[in-house]
Structures are given as structure tokens and as C-alpha cells.
1. Antiparallel as a % of all DSSP beta bridges within the chain, to the nearest 5?
2. Between the helical axis of 492-513 and the dominant principal axis of the chain, each derived from Cα atoms, what acute angle in degrees is found, rounded to the nearest 10?
3. To the nearest 20 debye, what charge dipole does the range 318-427 have about its Cα centre, counting +1 at the Cβ of each Lys and Arg and -1 at the Cβ of each Asp and Glu?
4. Does the range 114-157 come out rounded, prolate or oblate by the C-alpha gyration tensor, with a ≥ b ≥ c the root eigenvalues, rounded set by a/c under 1.5 and, if not, prolate when a/b is larger than b/c and oblate if not?
5. Taking the Cα centre of the range 134-249 as the origin, how large is its charge dipole in debye, to the nearest 20, when only Lys and Arg (+1) and Asp and Glu (-1) carry charge on their Cβ atoms?
6. Please report the projected area of the chain's Cα convex hull averaged over all directions, in nm².
7. Return, ordered by residue number, the residues of the range 420-461 whose backbone nitrogen is under 18 Å from a label point located 7 Å along Cα→Cβ of SER477.
8. May I ask you to derive the relative contact order of the chain, considering only C-alpha pairs under 8 Å and at least 6 residues apart, and to give it as an integer percent?
Amino acid sequence: MSEEKIIIFDTTLRDGEQAPGASLSITEKLEIAQQLAKLGVDVIEAGFPVSSPAQFEATRLVAEQVTGPVITGLARTNQEDIEAAGKAVAPAKRKRIHTFIATSPIHMKHKLKKTRTEVLKMAVEAVKYAKTFTDDVEFSPEDACRSELPFLIEVLTACIEAGATTLNIPDTVGYILPYEYGKLIENLKSNVPGIDKCIISTHCHNDLGMAVANSLAGVRNGARQVECAVNGMGERAGNAALEEIVMAIHTRPNFLILDDYTIRLTTNINTKEIHRTSQLVSQLTGFVIQPNKAVVGANAFAHEAGVHVDGVLKARATYEIMTPETIGLSGSTFVLGRHSGRHGFTDRCKQLGFKLTDTELEQAYQRFLEIADKKKEVFDEDLAAIINDEIHVVAEITYQLEHLRVVIDTDNTPTASVKIKTKDETTQAAACGDGPVDAAYEAIKDATGRSPKLEDYSIRAITSGKEALGEATVKISEKGRTYIGRGISTDIIEASARAYIDAINRMVSTQTKGEQPELKAEL
Ligand SMILES: [Zn+2]
């Protein structure tokens, strides 16, 4: 039995972040990148550096601070893009430039307004120029799946001669079916001269729900790199879900290679980090995971807690093809309470892998005490939420919730009063609303003098039980831009108010910096 490794190329920070409303701050991107390194991904696509100063800086910081994975930046085929990507990834120990240009007739004609000869020349020059920054160059013919095969072969051949080391075959519009995609990869593998010295990569979109199936069809036919994103994030219906790709390979390692059951596929992923990574990405992007989502959805493992009877434990194997432990779900084991003290709290944070400075630790500990007062048992999931809530905040906090009072009366409209602290003063306001959350939001609007549009609101329980910690996520918008805020509390109204203020703080911070909307790369 021989083993073959599948390279996991994560594009959560680039393609994933392009999902509408998912914009992440630089600190949040860094946080996700550190977790991706812990998860064991081989390549991190950290951004599209030319698109904005923030994208450039995020990519550069990931390259500088995240060790382990290859760090790559995306670039169109022009010099300016490649130079920006080259400079942004320069600090990384292992760096890659990923350059792309569309090769399908529809994209060349309507978007690029270029002939085949021009596109071919641009692709080759881009690869050559990228080679002056790093040896590791990836080329993508955008919309490959709707390109004409002879031209695709011609472009790929020329890019290999120019020095490309990875050839990515994107299904940019999520159009292809697994059988066709497998056939395409097989065709390229047998007909592109020199391709045996390169890595063939997949990049599939989920418009028809085929992203994972298509990627695996690619693997079955010779692709050895899969581009994917945590929780399947990405443009429109999203990208191939990293956790599904990894667990499919993990669960069926021998059955993914065509006509050869002696080859076992592996990845470098530490599957035990899947759950935490998925939660972190969901919390920071504000993209709630549907309960029936494969692998990471709340219902994915039906028997996760409270199963102690021997017979039931035996029965688990009859219904479960993977165990919750494999993806790092420990079940809801009680870990901490107020009595655990500072020592117990610090120890558990370390065991869970959180690297906090002394100040951050103290800040998180104070919040933990507040929550432990109301909620007797604090679970690992709660702890992660507390840390995320306390530490992953906007660098500049303009408004702080000092006091909240909400009165609900079945015969009258709910009323709320708030005290909001800023650097210089404390403002009070009171309002009524359709419901308690609405009343609280009206009072916050009044106290801050800001009135963004509320686009989306959701609440979830982090753990089970009546004292569960609730996490609220809100999306607000102003002047065409969306901002996400989160808040946690044992009280859902308070969590909702905290989330709303968090979103307003993010909005104010962006507006003060005068950040422009970013250019998107549709790959
Ligand atoms: Zn894409």
C-alpha cells in the first residue's frame, strides 16, 4: 500500500472573504491564518494584495507571522498585481504567487476584450515575471471548465515552459458535473506536455452543489492539490468545503483513486482542529453554519452528548461513519466554574491552545468571572466564545455598553434604557420598540446618534441547557457597506445589544480610516 498526499490549499481568507458581507479585519485574518496553520493546511491564500492597502497589509502580516504553510497572494496577469503579491508574500519562509487570466471564449470576449494570442502572451509573461519573486508559481486559467480544450492545453503548456509549478483548473462559475470534471483533469494530465512535473489543482464552486464532488472527481483523476474554504465559504454559493474534502479523504482513503485500490490518500490536516476552525471562521465572518451542514453542522453527529449506555455506544458505529472526536468535538464536558479560579482558567486556555498576552488573559478572566456568576458550568465552547468576544474586538472601541435595562410587559410595548460610554462622556437614552431587542436597538441608536440599517440578526446557544451562553450576530449597513458585530451573554437581549454596538464600532472604525471597498477577483 503506497501513500499519496493531497495538498490542502485554503482560500478562506481570499475567496471565502469575498462572500458578500463577510469582510474581516486584519487582526481577524491573522487569527484565522494562525488557526489554519494549526489545522495543518499546506497553503494559505492570504489575499489579493493589489486590491486594497488593507488586503496588502493582511497578506504581508500573514506572511510575516504565520509559520508552516506556504503563503500565497493572488494576482491578475499584469505587472502591478504581481509586484504587489510578490512584495506582500516576501516575508514568508515559503511563498507562492498565484496568477490568473480567463481562457473561456465568453470571458475573453466580453470581460477581457482580448484575443487568444493576447491572453496566451499575458499568461506567459505573468508566470515569467512572478518567477522573479519566487520559484513557486501557480497559474489558473479562469473559467477553465468553459474553455475550449485545445486552447486550454496550449495555455497550460506555455505556462509550464515559463516556469509554473502548480496548474489550477477552476470551475469559476460552478457549472461542471463530477464526471465531466474528472474527464477534463484526466485529459489535461495525458495531453499537456510536462504536466507530470507539476501539481494539478482543483478550484470548484458550489453553484450546483457539486463543489466537493467535483474536487474529489479531480483527485480521482490525478489532481493533487485541492483549493477549498472552511465552511464552504466563497463567492455566491461558495467554494468546496475544506472539512468535507478532508473528511472524505480521511474516511475513504483507498477509494478515491481510479482503478487502483492500493493507493492510500492522505492530507497533513490535524482533523481534531476542524471543529474549532469552523467555529472561529463562523464567528468572525458572521456566517452561521446550517445545522445539517456535513461534518461541522450542529446535527452532523446525532449522538454527541450524554451517551453512556454500553449498548448505545456499540450502536454508534452502526450509524456513524466518523466519530465526533475525530473533528475535535469533545462533547459537552463540564470544565470550569467560578471555583476554578485564575489558575484553572489559565490552564484550560493553554490546553485549548489559546495564546494570550497577560493583559488579554486578565481581560478574558474578568469576563469569565462575570459569566460564571450567572452560569454555573462553563464549557470549552463557552470559553472559546468568551475569548473570541473579549479578544477579537475592533482595535478602536468608540462605544461601550455600560448599562442596559429592558422592560417587557405583555400588555404594553417593551421599553429599553441604555448608558453608553465613549472616551469623553456617558450618554443615556430610552426608547420603546416592537420587541425587547428592537427597543434596545432604538435606545442605542439614540445614545450613539448612529442609525445604520439592520440587515440581518441571528442568535444561537453556544452550549445546551437553560443557562446556556447565547451568541448574537448582527449585520448592519450604511452607504453600501456591510458590517458584522457579535456579542455573547447568558441573556439574549444583552448579547443582542453587545452585538449591535460591536457592529457600530466596526463601522465607525472603517469610516474613520476612510477605507475604500475592495476590488474582487472572480476566480
Ligand atoms: Zn473561486
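1. 50
2. Approximately 60 degrees, to the nearest 10.
3. Details: 13 positive and 20 negative charges, 56 e Å.
Using Cβ point charges on Lys, Arg, Asp and Glu, the range 318-427 gives about 260 debye.
4. On the way: a/c = 2.55, a/b = 1.73, b/c = 1.48.
Cα axes put the range 114-157 in the prolate bin.
5. On the way: 7 positive and 17 negative charges, 68 e Å.
The calculation lands at about 320 debye.
6. Numbers: hull surface 106.9 nm².
Computed as one quarter of the Cα hull surface, the answer is 26.7 nm².
7. Output list for this probe position: 451-458.
8. Values: 1078 pairs, mean separation 59.4, N = 523.
This gives 11 percent for the chain.
The values are calculated or read from the model by the stated rules, or taken from the named source; none is laboratory data. This structure is a prediction, so every number in the text was calculated from the model and none was measured. Heads up, the Cβs are rebuilt from the backbone with ideal geometry, glycines too, and the neighbour counts pull from every protein chain shown. Ligands, DNA and RNA are stripped out before the accessible areas are found, and what is left, the full protein with its side chains, is counted by its heavy atoms. Shrake-Rupley method; radii C 1.70, N 1.55, O 1.52, S 1.80 Å.
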